[in-house]
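Asker: Once you've had a glance at the structure underneath, I'll fire off some questions.
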Amino acid sequence: MGGKPKSKANGRAGPRTLAIDIGGTGLKASVLDENGNMVAEEVRIDTPYPCPPKVMLKSLEKLVEKLPAYDRVSVGFPGVVGKGRVITAPHFGNRIWRDFPLANELSERLGKPVRLLNDAEVQGFGVIVGRGLEVVLTLGTGAGTAIFREGELMPHLELAQHPIGKWGTYNDYVGDKALKKKGKRKWNRRVEKTVTILYSLLHFDVLYIGGGNARKIEIVPDNVIIVPNEAGITGGVRLWRAPRGQGAFAHETEDKPVSRIAATNAAEAAHS
């Protein structure tokens, strides 16, 4: 799943998914076919700061305006989310983002149903094979984690905000600021220690490491796989295949129908 954009005939089969990856430094998106292959080149803009919800929504509208038609939307967000709402947003400000209904607001603007999940979990959907205990660690602006058992997403573990000794949180320990301050060699040792801690905690069968800084890892243990950052986009299709009422989705409700007005506005914008 994933890879370079593939051209298709006008009579396309299956729904197309607009996949959005919200990051601390960049906003990225592409449109995927039913198999998770990109049908358009990935687009990217810098994440604006300060970034309250209204600024984010306007930026996402601008990001996707030139992409081809799609039927539904998947969004990966760098924080804790639930029921389509943001619970924490450490990069953008917890207070101004707390309980913001991002899925519904974006659905109203784009005129399509939206599913929202933590960004590391969306990336996990793009790389897991569905066997054993698979764990994802993303290394970018901060650190993100996701846990899958036999292909089923488990309740979210916000390791990024967990304290680690005298160094603060894992965001502080292996995030981008730590890489720039400590240098690649010391940062790699910190990543190695983080992997050891994760194994002691979870005894995973395989650990996937992704995110923008994953390519800077120098030593890769046998049960660790470095994965492309594009998985944060291509995992968006599997987000729509994940069953409601199971694992991390046990608390989720059915997707909210898109209002007729929102759908009409989105259609008019697409043809303007």
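Asker: Please note which helices (runs of 4 or more DSSP H) are completely contained in segment 152-208 and include at least 1 residues that are within 18 Å of A89 (Cα to Cα) and in contact (Cβ under 8 Å) with a residue 12 or more places away in the chain.
Answerer: Ranges flagged: 170-174, 176-182.
Asker: Is it fair to say R131 is closer than 27 Å to I225 by Cβ and basic (K, R)?
Answerer: Details: closer than 27 Å to I225 by Cβ: yes; basic (K, R): yes.
Answer is yes for this residue.
Asker: Right, something else. In segment 61-110, how many residues are among the β-branched types (V, I, T), more than 19 Å from R44 (Cβ to Cβ) and crowded, with 16+ Cβ neighbours inside 10 Å?
Answerer: Residues in segment 61-110 being among the β-branched types (V, I, T), more than 19 Å from R44 (Cβ to Cβ) and crowded, with 16+ Cβ neighbours inside 10 Å: 5 in total.
Asker: Sort out which residues of segment 140-152 are under 19 Å from L202 (Cβ atoms) and either surrounded by 24 or more Cβ atoms within 10 Å (Cβ to Cβ) or of a type in the set (V, I, T) (or both), and write them in order of number.
Answerer: A143, G144, T145, A146, I147, F148
Asker: Right, something else. Restricting attention to segment 208-225, which residues are of a type in the set (A, V, I, L, M, F, W, C) and under 19 Å from R149 (Cα atoms)?
Answerer: Correct list: I209, V224, I225.
Asker: Working carefully through the options V136, V122, V174, find the one that is of a type outside the set (F, W, Y), more than 18 Å from L201 (Cα to Cα) and at pLDDT 90 or above.
Answerer: None of the others qualify; the one that does is V122.
Asker: Can you tell me which residues in segment 21-60 are more than 16 Å from F77 (Cβ to Cβ), surrounded by 21 or more Cβ atoms within 10 Å (Cβ to Cβ) and not hydroxyl-bearing (S, T, Y)?
Answerer: Hits for segment 21-60 are V31, L32, G36.
Asker: State yes or no: is H203 at pLDDT 95 or above, surrounded by fewer than 21 Cβ atoms within 10 Å (Cβ to Cβ) and not assigned by TED's automatic domain parsing to the domain that holds R44?
Answerer: So H203 fits the description; yes.
Asker: Within segment 169-216, count every residue that is touching a helix residue (DSSP H, G or I) at 6+ places or on another chain (Cβ under 9 Å) and at positive phi.
Answerer: Residues in segment 169-216 being touching a helix residue (DSSP H, G or I) at 6+ places or on another chain (Cβ under 9 Å) and at positive phi: 1 in total.
Asker: Now, a different point. Filter segment 150-162 down to the residues that are out of contact with any helix residue (DSSP H, G or I) (no Cβ under 8 Å at 6 or more places or on another chain) and modelled with pLDDT of 90 or more and list them by number.
Answerer: Within segment 150-162, E150, G151 qualify.
Asker: With the requirement that a residue be more than 17 Å from G140 (Cα to Cα) and among the hydroxyl-bearing types (S, T, Y), what does segment 155-205 give you?
Answerer: T196, Y199, S200
Asker: Among (1) over 13 Å from the mean Cα position of the chain (by Cα); (2) buried (at least 24 other Cβ atoms within 10 Å of the Cβ); (3) assigned to a helix (DSSP H, G or I), which single condition is V135 missing?
Answerer: Of (1) over 13 Å from the mean Cα position of the chain (by Cα); (2) buried (at least 24 other Cβ atoms within 10 Å of the Cβ); (3) assigned to a helix (DSSP H, G or I), only one is false for V135: (3).
Asker: Here is a follow-up. The conditions are (1) in the same structural domain as D176 (by TED's automatic domain parsing); (2) within 16 Å of S59 (Cβ to Cβ), and E134 fails exactly one of them. Which is it?
Answerer: With respect to (1) in the same structural domain as D176 (by TED's automatic domain parsing); (2) within 16 Å of S59 (Cβ to Cβ), E134 is out only on (2).
Asker: I'd like the full set of residues that are among the charged types (D, E, K, R) and in contact (Cβ under 8 Å) with a residue 24 or more places away in the chain, limited to segment 98-130.
Answerer: E105, E108, R109, K112, R115, D119, E121
The values are calculated or read from the model by the stated rules, or taken from the named source; none is laboratory data. Note that the structure is a prediction, hence the values are computed from the model and not measured. Note: ideal-geometry Cβ built from the backbone for every residue, glycine included; neighbour counts use all protein chains shown.
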